[in-house]
Amino acid sequence: MAAAAAGRVGAGLVTVACPRSIQGMVATGLLEATYLPLLERDGGITEKALTEVMGALEDYRVLLIGPGLGRRSRTQEFVRSLLFSLKSDGGLTVVVDADALNTLAGAPGWSGRMNVPLVLTPHPGELQRLTGRIMLIPCFMTCPPPPI
C-alpha cells in the first residue's frame with residue numbers, strides 16, 4: 001500500500017525491496033514499481049540483503065522502511081543494521097513507520113545512532129514504545145458525538 005501511495009502522489013520511480021519469496025505476490029498488485037528482491041532465511045530478511053539495499057540506495061532520495069516487515073529477529077537485525085549504517089552525505093531522507101519503529105524502540109539509544117534525517121510516523125502506541133512515555137494525544141472530535 002505504501003508503494004502504491006508513493007506512486008499515486010508522484011514520487012517518481014518507486015522500488016519495492018521485499019523478500020524474494022513474496023515478490024510475485026506483491027507485483028501482481030503493483031505493476032508500476034520496480035523490485036529489489038531480498039535474500040531471506042526462516043521467514044526473515046538476512047544480513048546479506050544489507051549490501052544489496054545499501055548499494056541500491058545511492059540512486060534514491062527517500063527510503064520508507066517499516067510497513068509489512070514483521071518482527072522476526074533476523075528482520076529486526078537487518079532493519080537496525082541498515083538504519084544505523086546510513087550516512088547523511090548522500091542526501092537521503094528516511095521515513096520510518098510501523099515495524100521499523102517497533103524495531104527502533106527495542107534498540108537503546110537509537111536516536112543517538114542515527115546519521116540521516118528521519119521522518120517518524122508513529123501512532124500513539126508506537127510513540128510510547130519509542131519514547132518510554134505515555135503521550136496524551138488531543139482528540140479533535142466530540143466524544144461522544146453530539147445528538148443529531
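The values are calculated or read from the model by the stated rules, or taken from the named source; none is laboratory data. Everything quoted here is computed from the prediction, not taken from an experiment. So basically every Cβ, Gly included, is an ideal-geometry build from the backbone, and we count neighbours across all protein chains shown.
Worth a mention:
Residues checked against (1) of a type in the set (Ser, Thr, Tyr); (2) over 22 Å from residue 131 (Cα atoms); (3) out of contact with any helix residue (DSSP H, G or I) (no Cβ under 8 Å at 6 or more places or on another chain):
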residue	(1), (2), (3)
28	yes, yes, yes
32	no, yes, no
42	no, yes, no
45	no, yes, no
48	no, yes, yes
55	no, yes, yes
67	no, no, no
81	yes, no, no
102	no, no, no
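- Test: residue in the range 4-25 that is free of Cβ contacts under 8 Å to residues at least 12 places away in the same chain and closer than 27 Å to residue 128 by Cα: yes
- Number of the exception - residue 44 against (1) buried (at least 17 other Cβ atoms within 10 Å of the Cβ); (2) under 23 Å from residue 89 (Cβ atoms): (2)
- Top-ranked residue in the range 6-22 [being touching a Ser or Thr at 6+ places or on another chain (Cβ under 8 Å) and over 16 Å from residue 70 (Cα atoms); ranked as surrounded by the fewest Cβ atoms within 10 Å (Cβ to Cβ)]: 13
- Exclusive hit being hydroxyl-bearing (Ser, Thr, Tyr), over 19 Å from residue 2 (Cα atoms) and either in contact with a Lys or Arg (Cβ under 7 Å, 6 or more places away or on another chain) or modelled with pLDDT of 95 or more (or both), set 73, 81, 88: 81
- Residue match in the range 28-37 (condition: among the charged types (D, E, K, R), in contact with a strand residue (DSSP E or B) (Cβ under 8 Å, 6 or more places away or on another chain) and modelled with pLDDT of 90 or more): no
- Residue in the range 30-40 that is over 20 Å from residue 98 (Cα atoms) and either basic (Lys, Arg) or touching a Leu at 6+ places or on another chain (Cβ under 9 Å) (or both) present: yes
- Every condition in (1) hydrophobic (A, V, I, L, M, F, W, C); (2) under 15 Å from the mean Cα position of the chain (by Cα); (3) in a helix (DSSP H, G or I); (4) within 19 Å of residue 6 (Cα to Cα) holds for residue 130 except the one numbered (4).
- Any hit, the range 91-105, residues being among the small types (Gly, Ala, Ser) and modelled with pLDDT under 90: yes
- Residues in the range 117-127 that are touching a helix residue (DSSP H, G or I) at 6+ places or on another chain (Cβ under 8 Å) and either part of a helix (DSSP H, G or I) or among the hydroxyl-bearing types (Ser, Thr, Tyr) (or both): 121, 126.
- Test: residue in the range 78-91 that is polar (S, T, N, Q) and in contact with a strand residue (DSSP E or B) (Cβ under 9 Å, 6 or more places away or on another chain): no
- Every condition in (1) more than 14 Å from the chain's Cα centre (by Cα); (2) under 24 Å from residue 102 (Cβ atoms) is met by residue 80 except one, and the failing one is (1).
- Test: residue 49 is surrounded by 15 or more Cβ atoms within 10 Å (Cβ to Cβ), touching a Gly at 6+ places or on another chain (Cβ under 9 Å) and farther than 15 Å from residue 106 by Cβ: no
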